[in-house]
Amino acid sequence: MAINWYKYASPASFYTLAGKMVPFFTILAIGLLTIGLYIGFFVAPTDFQQGEAYRIIFIHVPAAWMSMFLYVVMACWAGIGLAFNTRLSSMMATAIAPTGAMFTFLALWTGSLWGKPMWGTWWVWDARLTSELILLFLYIGFMSLQAAIDDPRRADKAGAIIALVGVINIPIIYFSVQWWNTLHQGASVSVNQAPTMASVMLTGMMVMVLASWMYSIAVILKRVRIIILERESHTAWVAELRKKGAL
Amino acid sequence: MLQGINLACVRGDRRLFKAVNFTLEAGGLMQVHGPNGSGKTSLLRMLCGLSNPALGEITWRGFSIRDLKNEYFSNLTYIGHLSGTKDDLTVLENLRISSALAGERISETQARDALAYMGLNGREFLPAKVLSQGQRRRVALARLLVCKTKLWILDEPLAALDITAVKLIQELLERHLAEKGLVVMTTHQAIDVAAISAVHLRLV
Amino acid sequence: MFFWIIQRDLLLAVRRRSDVLTTLFFFVIVVSLFPLSVGPEMNLLRTMAPGIVWVAALLASMLSLGRLFSSDYSDGTLEQMLLSPQSLSILVLGKALAHWLVTGMPLVVMAPVLGIQYDLPADALFVLVVSLLLGTPVLSLIGAIGAALTLGLRGGGVLVSLLVLPLYIPVLIFGAGAVEANMAGISYDAHLSLLGAFLLVSLVLAPWAIAASLRVSLE
């Protein structure tokens, strides 16, 4: 097993491995997404309090979960890359960031769409929405820092430091926003608290969460492949691929 | 004492050099030659521990400099392209502060003596911003007189210096080498330094 | 060595007094812009005052971050600091504290005067000063990480704000919150204790992160 690990830690072999994995996860993602959306929109009953509008949680909740989870995963990969100087883990971190930011944006967007029928405004300074907004800023900071640095190795390490500082700060930020929110009793309605959830709704949501996972894995692997090619473009194995017409 | 094993340097997509090997013993002088852009400064920064080699290892007294860290730094004086002089400080303050940073607190008399040796007599209290390039270089090099380190790594120490100053540096280097010190330097000018062992490293 | 580096940075600041004054005037101007934009209604201004002063302090301290390492970077002193046998974390802690003494301290001193402009009561002014006293060193410490990471990058100034401002949010919430709590007549001890906790945590962790960032940026 250990031998396999080292083998796939090299960008060249991971490139091939990832290539084989991408279609598998893509198919899973599409399948689960279809099932999840079907349950969400056709099977799950209408909520007697919120009407049809509640159905957006099938997208909103998975997106919000993924956005936070992916930041932690990104920070982990970046930290491993910084500590052990492994190039592939840093590339993983770089590949995760856009997907994480996309989910954060999706969570904000659907949250605001849900807010309109619920609270009558597009935006409420609710603790969760605000935390999500700050998370988006953290993703943007990470990506702009990496984009501003020309040398990829320096970009990896600088990104890792800011991601780690961010991950230490996330609980503090979340806690302070929560405190701030209770103090200023603005909106007390919490986005994610559906009062009682029918088991069908729960199933639908879980399927959607799984679909988001599969989607993230597929997209991130795809992106890592591109990053590997970009960084290794001067190496022999990429030249070999090019000669074979595989690119 | 100082050894480089199979060093390689990569900048972006380009490999600057590879398979660089050398050994430098006490009293040894290593001159690094090569055209512009061949990686001389990169090599010196690696030897200082400022950057890590893409491949290979640098050892000091048999131990990797990455593990020695501060212990290695206390044996080392590096004078790079940038002289490290602050425009707003006087010449004297500059020398005393840069020595203190290197771990060597010096008295005002010591600092004045070193500056006098470097031909900066009467300029001790001028702010560094009024100095010429050559004079700034002399201020930076004055640190070599006060810091009692074993290994000197000098990047183009003779740049902007006039003939008298070059002569001073030459004497300084010879004295250091005679006292079993080590010197690694790059230079485009020809300089004759008598050393027990002289290594010439050519980067292409 | 720690005091030595503080002494050096203060000496440099004294030689370049204008830099200190620019930050201070920036702070004063930003705070004075708000009544002009929302109108001179005193009750409204009084409720907004803690937030305004704190946001202005945040911006002022962030704007001065550029100077923290950039001159040492461009003249080669930073390289020498990295090669110093002294611990780099201690050196950068000294630099961050010197930066606070030069940019944060004047803000703390100036804040009561600006508070009076907003008709804050005396005890609220006191809480404002204490909260700034505890909070602004955290801003300098966290900001130094951002400044170290963006050394020598194109557009470093704007980038540093993207990196650092989200991390400033907890300090802002509790800093302004302490003053608001005092004005609302509730206890503000918890706010100040939390600010103090942030200060301790950042005193321990930030120097390490700053040192690591500098090594990355100078490689």
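The values are calculated or read from the model by the stated rules, or taken from the named source; none is laboratory data. Not measured: the values here are computed from a predicted model. All Cβ positions, glycine included, derive from the backbone under ideal geometry; neighbour counts span all protein chains shown. These area figures cover heavy atoms from the full protein model, side chains too; ligands, DNA and RNA do not enter into them. Shrake-Rupley method; radii C 1.70, N 1.55, O 1.52, S 1.80 Å.
Quick check, is A:L129 within 19 Å of A:M66 (Cβ to Cβ), modelled with pLDDT under 90 and more than 9 Å from chain C (Cβ to nearest Cβ)?
yes
For a quick check of your reading: which helices (runs of 4 or more DSSP H) sit entirely within the range B:11-124 and have at least 2 residues that are away from every other protein chain (no Cβ under 14 Å) and open to solvent by 50 Å² or more (accessible area, probe 1.4 Å)?
Helices (runs of 4 or more DSSP H) meeting the threshold: B:108-117.
Among the listed residues C:L195, C:L203, identify the single one that is more than 11 Å from chain A (Cβ to nearest Cβ), among the hydrophobic types (A, V, I, L, M, F, W, C) and in contact (Cβ under 8 Å) with a residue 40 or more places away in the chain.
C:L203
Restricting attention to the range C:59-98, report how many residues are within 14 Å of chain B (Cβ to nearest Cβ), under 18 Å from C:S202 (Cα atoms) and part of a helix (DSSP H, G or I).
Initial filter on the range C:59-98 (within 14 Å of chain B (Cβ to nearest Cβ)): C:67, C:69-92, C:94-95, C:98.
Add one more test, that the residue is under 18 Å from C:S202 (Cα atoms), and what stays is C:87-92, C:94-95, C:98.
Pick out the ones that are also part of a helix (DSSP H, G or I) and you get C:88-92, C:94-95, C:98.
The qualifying residues number 8.
Which number in (1) in contact with a Phe, Trp or Tyr (Cβ under 6 Å, 6 or more places away or on another chain); (2) assigned by TED's automatic domain parsing to the domain that holds B:A159; (3) β-branched (V, I, T) marks the one condition that B:I58 misses?
(1)
Right, A:W65: out of contact with any helix residue (DSSP H, G or I) (no Cβ under 9 Å at 6 or more places or on another chain) and not charged (D, E, K, R) or not?
Here the answer is no, as A:W65 does not meet what is asked.
For the range C:135-156, which residues satisfy the criterion of being more than 9 Å from every other protein chain (Cβ to nearest Cβ), surrounded by fewer than 24 Cβ atoms within 10 Å (Cβ to Cβ) and among the hydrophobic types (A, V, I, L, M, F, W, C)?
If the condition is that a residue be more than 9 Å from every other protein chain (Cβ to nearest Cβ), surrounded by fewer than 24 Cβ atoms within 10 Å (Cβ to Cβ) and among the hydrophobic types (A, V, I, L, M, F, W, C), then C:L151 is the only one that fits.
Quick one: in the range C:29-48, of everything that is in contact with a helix residue (DSSP H, G or I) (Cβ under 9 Å, 6 or more places away or on another chain) and among the polar types (S, T, N, Q), which residue is modelled with the highest pLDDT?
C:S32
Which pairs do you get when a residue that is within 20 Å of C:P166 (Cα to Cα), found in the range A:106-132, comes within reach of a residue that is acidic (D, E), reach meaning Cβ atoms under 9 angstrom, with the pair 6+ apart or on two chains?
Short answer, once both residue conditions are applied: A:A107/A:E132; A:L108/A:E132.
Looking at (1) touching a Leu at 6+ places or on another chain (Cβ under 7 Å); (2) at the interface with chain A (Cβ under 10 Å from one of its Cβ atoms); (3) crowded, with 24+ Cβ neighbours inside 10 Å, can you tell me which one C:L159 breaks?
Evaluating C:L159 over (1) touching a Leu at 6+ places or on another chain (Cβ under 7 Å); (2) at the interface with chain A (Cβ under 10 Å from one of its Cβ atoms); (3) crowded, with 24+ Cβ neighbours inside 10 Å leaves (3) as the failure.
Quick check on the range C:38-58. Is at least one of its residues surrounded by 15 or more Cβ atoms within 10 Å (Cβ to Cβ) and not in a helix (DSSP H, G or I)?
Looking for residues that are surrounded by 15 or more Cβ atoms within 10 Å (Cβ to Cβ) and not in a helix (DSSP H, G or I), one finds none in the range C:38-58, hence no.
Which of the numbered conditions does B:P157 fail, given that it passes all the others? Conditions: (1) at pLDDT below 90; (2) surrounded by fewer than 22 Cβ atoms within 10 Å (Cβ to Cβ).
Exception for B:P157: condition (2).
Run A:K20 past the list (1) of a type in the set (D, E, K, R); (2) at pLDDT 85 or above; (3) touching a helix residue (DSSP H, G or I) at 6+ places or on another chain (Cβ under 7 Å) and report the number of the one that doesn't hold.
(3)
Consider A:W213 carefully, then state whether it is modelled with pLDDT of 90 or more and either closer than 20 Å to A:W114 by Cα or surrounded by 17 or more Cβ atoms within 10 Å (Cβ to Cβ) (or both).
In short, yes.
For the condition part of a helix (DSSP H, G or I), within 13 Å of the chain's Cα centre (by Cα) and at pLDDT 95 or above, what is the one hit in C:L101, C:L165, C:L141?
Details: C:L101 fails: at pLDDT 95 or above; C:L165 fails: at pLDDT 95 or above.
When all the criteria are applied, what remains is C:L141.
Restricting the search to the range C:32-72, which residues are aromatic (F, W, Y) and more than 18 Å from C:V113 (Cβ to Cβ)?
C:F69 - this is the single residue of the range C:32-72 that is aromatic (F, W, Y) and more than 18 Å from C:V113 (Cβ to Cβ).
Report, ordered by the first and then the second residue, all pairs with beta carbons closer than 7 Å, sequence separation of six or more or different chains, a first member in the range B:158-186 that is under 17 Å from B:Y78 (Cα atoms) and not assigned by TED's automatic domain parsing to the domain that holds B:Y117, and a second member that is of a type in the set (K, R) and surrounded by fewer than 21 Cβ atoms within 10 Å (Cβ to Cβ).
Matching pairs, first to second residue: B:G181/B:K150; B:L182/B:K150.
Quick one: would you say A:I57 is more than 13 Å from A:A198 (Cβ to Cβ) and out of contact with any Cys (no Cβ under 8 Å at 6 or more places or on another chain)?
Taking the combined requirement at face value, the residue does not satisfy it.
Does A:V224 qualify as being open to solvent by 10 Å² or more (accessible area, probe 1.4 Å), within 28 Å of A:M92 (Cβ to Cβ) and at pLDDT 90 or above?
Values: open to solvent by 10 Å² or more (accessible area, probe 1.4 Å): no; within 28 Å of A:M92 (Cβ to Cβ): yes; at pLDDT 90 or above: yes.
When the stated conditions are applied, A:V224 does not pass them.
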